[in-house]
Amino acid sequence: MFQRIGIIGAGTMGTGMTVDLVLHGLEIILVDIEEEQLERAKAEILQTVRFAPMLNKKYPRMSEEEVLSLVHATTQLEDVADCDYIVENVPENWLIKELIYLRLDEICREETVFGVNTSCISITKVGGVTNRPDRVIGMHFMNPVYMKPSIEVIRGHLTSDETVARAEAFLAQLDKDAIIVNDQTGFVSNRISHLYMNEAAWVVMDGVATSKQVDDIFKKCFGHKMGPLETADLIGLDTVMHSLHVLYEEYQDPKFRCCPLLKKMVDAGECGRKQGKGFYAYSK
Ligand SMILES: NC(=O)c1ccc[n+]([C@@H]2O[C@H](COP(=O)([O-])OP(=O)(O)OC[C@H]3O[C@@H](n4cnc5c(N)ncnc54)[C@H](O)[C@@H]3O)[C@@H](O)[C@H]2O)c1
């Protein structure tokens with residue numbers, strides 16, 4: 001059984017991961033470079049853990065003290081050195097991720113597995129900057145993490161069978177299934193979903209329809225739970241834009257060219273839910 005998990009990055013995914021781990025009684029070392037972000041994350045974790053049992057009765061009611069006793073927030077990456085398992089959730093930017101893995105490889109125990117939570121970046125490429133490519137695996141969690149029963153797990157070119165088995169055991173502890181796929185930029189989920197989110201932004205920019213009309217067509221006509229622009233707001237438009245850049249650079253295919261409206265909204269600080277405004281307005 002895993003007990004102590006290192007979560008790197010306390011943004012949308014790191015916070016969501018921590019909520020899920022707390023609800024399953026695991027201890028978390030939560031790392032971010034920004035002290036203020038750790039404070040925001042702690043407030044969100046407390047609030048979400050409080051509401052979770054109302055949404056799903058399987059989750060325990062936990063006091064603030066119980067939650068905070070499991071979450072150790074820090075700005076020091078070295079604090080994850082003794083963790084059983086690492087899940088990294090820093091921005092979808094190779095320069096940031098590369099530095100994290102170079103350092104993690106130096107400080108972590110030899111047997112520790114690195115779970116890469118990335119939207120698009122190749123797991124083989126991440127494994128290649130470490131001395132343990134066999135113990136690096138893609139763990140593409142979906143948002144909000146504690147509400148999703150399955151995740152996309154990506155086997156890098158050198159990921160070992162033992163690492164896949166350990167990832168499955170870790171996920172079983174979180175009551176989640178793994179859908180295991182092979183490595184190629186964007187994997188399955190985002191190679192496909194980013195095409196429709198990007199195209200939806202082009203449709204709005206071209207004045208063909210409003211955001212709501214686009215999403216309504218997906219929800220009311222196709223029966224999807226969420227439309228592409230609501231999904232983009234939930235993910236974060238900055239993350240969507242960075243992922244499109246990764247896909248475009250890798251495949252050199254114009255179908256992945258990022259819509260200028262997305263870039264403009266990111267520059268304006270309208271990145272979706274996390275900033276209170278994107279294709280829709282949100283109360284924080
Ligand atoms: N948002 C989603 O729905 C979603 C879903 C699946 C996967 N992902 C992937 O997960 C990763 C994280 O995405 P996110 O949406 O949580 O991003 P985010 O921008 O919300 O959060 C990233 C966090 O990392 C922190 N950070 C930056 N540099 C750091 C460093 N050197 N050390 C420690 N912390 C650092 C930032 O301060 C920020 O709090 C990305 O690779 C993204 O593609 C995102």
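None of the figures in this text is laboratory data; all of them are computed from the coordinates on show. Owing to the predicted nature of the structure, the values given are computational and were not obtained by experimental measurement. Cβ: placed from backbone, ideal geometry, glycine included. Neighbour counts: every protein chain shown.
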Does the range 90-139 hold any residues that are in a loop (DSSP other than H, G, I, E, B), more than 13 Å from the ligand (Cβ to nearest atom) and over 12 Å from Leu158 (Cβ atoms), and which are they?
Cys108, Arg109, Glu110, Glu111, Thr112, Val129
Over the range 61-89, the set of residues assigned to a strand (DSSP E or B), within 14 Å of the ligand (Cβ to nearest atom) and surrounded by fewer than 21 Cβ atoms within 10 Å (Cβ to Cβ) is Thr74
Scanning the range 262-276 residue by residue, those crowded, with 18+ Cβ neighbours inside 10 Å and more than 20 Å from the chain's Cα centre (by Cα) turn out to be Met265
